[in-house]
Structures are given as C-alpha cells and as structure tokens.
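Below is one structure, written out as structure tokens; comments come after it.
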Amino acid sequence: SVRAAKMLMDQFGLSSEEAYNLIAQGAQQGLDKNGDLLDSLNEYSVHFKQNGLNATDMFNSFKSGAENGAFSIDKVGDAIKEMGIRMKDGSAADSLKTMKLDADEITQAFGEGGEKASWAFGQVVDGLKNIEDPIEQNTAGVAIFGTMWEDLGKDAVLAMVDCGDQFNETLNTMDQLKEVKYDNLTDLFEG
C-alpha cells in the first residue's frame, strides 16, 4: 500500500492522505476483489497520467469497467496502456481517419501529455462511440485498444472511458475508517 500510495503521489501530485483515501475507497467499492488493486495502481498510474487522466479518473475507470464486464481491473489498466501506445506510435492512424479525426494532431497531443492528451483522449472516445457500423466500430476498437478491446468487450471499454464521479481524494475516508465502532469481538476481528 505504501508503494501504491507513493505512485499516486508521484504521478498525480496527491498528498499521502489523498492517495490513501482513494485506495480505501477503491477497496470499499470492490476494486480489490481479485487482489490486484495495489499492483494495478503501481503498474498503470503512469499510463493514465500520460493519457491525460488524473487519479480519480483512474479509479472511476476501474470501477466503471468492473461494473460493465471487466473481470479484472488489471485489464482496464492494460486497455488504457494499449491505447496510449497506439496513439503515440501512429498505428491507429487509419482508425482515427475513419472517425474523421486528424491523426497527426491526435498523435501529437498524446505525445505532449497533460491537458492536450486529455482532450485527445476525449476526441478518440467520442469518435469511437459515434461509429454506427458495428464492424467498423470493432475494427477501430481493436486498432485503438488492441486485444483488450476483444478481452473486455465493447461495453466494458466504452463504460470505462466514461469516467464517473464515484471517487474523491478529498473525502476523509481514512478517518471515517477509524471511527467504525464494533459491538462485539467477532466483528472487531472481521473488520
């Protein structure tokens, strides 16, 4: 947990308290059901940041993906990683053109990171959602997310990129955990 909190601090500029608040919320909301929450934070924080997403976006993506068919949040993180790679190396250029996006502009924006990448991320996701032909959409989805599109399925990928607002690093989750009172020994040990 210390390594995961440090990664959140280094990548997203969070305080240690904010990082642990998000980790606790993630555990409370079932993101560690496969025991991979901390490893996923360590492995994919850098990729979310490079794609212009912040820490709460990452947690919301994990949650949305998990609620819509992703069997592991590691797969959700891997999809974001694959998207970033394909956007930067230009291998998704044809799909971007199919979505009527300027491939050079999108690739450059992903390369710059930050707000530019965040804007480009939104453009790509909207473009993908707006493809009406399911075969074209599937082809573009695979070109952008690689095998993660196939592994997770369209619904999970499109859900995970619709970052909700279920997480809040300023919510004092860790102090709330300390306030939990138990009225018997069994509940105390279980907690």
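Express the Stokes-Einstein translational diffusion coefficient of region 2-72 in µm² s⁻¹, to the nearest whole number, given a Kirkwood radius over alpha-carbon pairs, 20 °C and a viscosity of 1.002 mPa s. Before the final figure, lay out the partial values.
Details: Rh = 11.9 Å.
Result for D is 180 µm²/s.
Within region 109-162, list the GluC sites (Glu not before Pro) lying in a DSSP loop whose Cβ has at most 11 other Cβ atoms in a 10 Å radius.
Values: sites: Glu112, Glu115, Glu132, Glu136, Glu150; in loops: Glu132.
Answer by residue number: Glu132.
From the backbone phi of region 49-61, what are the Karplus-calculated ³J(HN,Hα) couplings (6.51 cos²θ - 1.76 cosθ + 1.60, θ = phi - 60°) in whole Hz, Gly and Pro given as x?
4, 4, 8, x, 9, 9, 5, 5, 4, 5, 5, 5, 5
Find the percent of Cα-Cα distances in region 33-172 that exceed 19 Å, and round it to a whole number. Present the calculation step by step, with values, prior to reporting the outcome.
Values: 4484 of 9730 pairs.
The share of Cα pairs beyond 19 Å in region 33-172 comes to 46 percent.
For region 143-157, just list the computed ³J(HN,Hα) in residue order, Karplus coefficients 6.51, -1.76 and 1.60, θ = phi - 60°, integers in Hz, with x standing in for Gly and Pro.
Karplus-based 3J(HN,Hα) across region 143-157 equals 5, 8, 10, x, 5, 5, 4, 6, 5, 8, x, 3, 4, 5, 5 Hz.
Return the Cα extents of region 84-156 along principal axes one, two and three, sorted largest first, each rounded to a whole Å.
Projected onto its principal axes, the Cα set of region 84-156 covers 30, 23, 19 Å.
Residue by residue, what Karplus-based ³J(HN,Hα) values in Hz, rounded to whole numbers, does region 12-26 have, using 6.51, -1.76 and 1.60 with θ = phi - 60° and x for Gly and Pro?
So the J values, rounded to whole Hz, are 10, x, 7, 7, 5, 5, 5, 4, 5, 4, 5, 4, 5, 4, x.
How large is the dipole of region 1-93 about the Cα centre if only Lys and Arg carry +1 and Asp and Glu carry -1, each at its Cβ, rounded to the nearest 20 debye?
Numbers: 9 positive and 13 negative charges, 29 e Å.
Magnitude of the dipole: close to 140 debye.
Filter the trypsin sites (Lys or Arg not before Pro) in region 1-108 to those in DSSP coil with at most 15 other Cβ atoms within 10 Å of their Cβ, and list the result. Please report the intermediate quantities before stating the final value.
On the way: sites: Arg3, Lys6, Lys33, Lys49, Lys63, Lys75, Lys81, Arg86, Lys88, Lys97, Lys100; in loops: Lys33, Lys100.
In loop regions of region 1-108 (DSSP not H, G, I, E or B), the sparsely surrounded trypsin sites (Lys or Arg not before Pro) are Lys33, Lys100.
Each reported figure results from applying straightforward, stated rules to the coordinates on display, with no laboratory input. Computed from a predicted structure; not experimentally measured. Cβ atoms come from the backbone with ideal geometry, glycine included; neighbour counts cover every protein chain shown.
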